[in-house]
């Protein structure tokens, strides 16, 4: 199969962090200058690249990729990056671009008014910011803390946040809705979350399997609330690791301490540990607060230290080495996996648009699945009744 070498090379290097040119089939094609159509289609499918893109002319491809980069600059600023110590530093841009396309579809397919929460926390005191979050999203912290597990508490928060017109997407490899090569998994795990700008429907993405060294549910809760606060501060960025001493601040660094203070007071208010001042704080104390307020033990410990309830030495002694957490393999109903990955607002928009015959089934699949999957689409349609 003859292809324009410039098109082939550019499509394989547009996301250099994916290292696609090292894949055996593709590297062999680069060396030989040829590739069988069946091999190209199979590789493109695994990588979630429409194989027809390889047939574009060089000018058309350049225009297409330039448009992607322009839109990305409008939606997210990777100059704000907080980089995990020891991390490779690569950002999964393909994943970010996929959510940008989903956000564009959502805004073009439905009418949405301006979201008053965006930027509304700038200049507010911490108590005022906490109250603004509760009011806009209709969150009852008592109801949140009263959930029986951290997983259920997270689901409650996500539901409230979506009711405030912020789409909440959860990174997951369930149902193979994202590329599952070893390199892709590593890239996705390197990012805790990110938020995408929109004056109407901002997006918050939280990786479900981000933590392999501490309970994932507690970290997801903190990450989601951090992203929501960043949206309220009108900062749209990628987060790698929120823990102290593990990040390098990017631009707008002056807002980072503010964001963490707001999140800390929202999830674990000072009133919850005022009675501990002057008393010994044990590991059981930390665990009890963790269970009650739905945070990880390390987040609780750090919060107490920042509030001067415990000393640095006590903080260090209370943070115990954590053991790797194995994520349980799941086979959820397809509609649940699709809703997790895309967010409830996107799924509702796609289902509605398809039911109104305003988009084709191929368009719907590209938004929800990232590629054409006709058997999966038939199963999905049957499950959701569209």
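Readers should treat all values here as calculations from the given coordinates under stated rules, not as data from a laboratory. On a predicted model such as this, the values are computed, not experimentally measured, just so you know. With ideal geometry, Cβ positions are generated from the backbone for all residues, glycine too; neighbour counts draw on all protein chains shown.
Three principal axis extents describe the C-alpha atoms of the range 157-199; from largest down they are 36, 21, 16 Å. A Cα-only calculation for the range 111-188 places Rg and Dmax at 16.5, 45 Å.
Taking other Cβ atoms within 10 Å as a rough exposure proxy, 192, 290, 38 sort from fewest to most as 38, 290, 192. Across the range 261-315, counting alpha-carbon atoms alone, Rg and Dmax equal 9.9, 26 Å. On the principal axes of its alpha-carbon atoms, the range 5-73 has extents of 33, 24, 20 Å, going from largest to smallest.
Show that you can apply the helix-only estimate: for the chain, add -39,500 (n - 2.57) for every DSSP H stretch of four or more residues, divide by all residues, and state [θ] at 222 nm to the nearest 500. Let's see the in-between values first.
Values: 18 runs with 200 residues, N = 386.
Theoretical 222 nm ellipticity from helices: -15500 deg cm²/dmol.
Using only the alpha-carbon atoms, how far is helix 93-109 inclined from the longest principal axis of the chain? Give it as 0 to 90 degrees, nearest 10. It is inclined by approximately 90 degrees. Seen against the Cα atoms of the chain and their longest principal axis, helix 58-75 is set at about 10 degrees.
Provide the FRET efficiency to the nearest 0.05 for the residue 39-residue 116 pair, computing r from the beta carbons and using R0 = 56 Å. Show your work: numbers first, answer last.
Numbers: r = 51 Å, r/R0 = 0.92.
After rounding, the FRET efficiency stands at 0.60.
Taking the longest Cα principal axis of the chain as reference, the axis of helix 216-232 is set at about 80 degrees.
For the chain, just run the numbers: alpha carbon Rg, then divide by 2.2 N^0.38 Å, N being how many residues it has. Walk me through the intermediate numbers first.
Numbers: Rg = 22.2 Å, N = 386, 2.2 N^0.38 = 21.2 Å.
With N residues counted in the chain, Rg over 2.2 N^0.38 Å equals 1.05.
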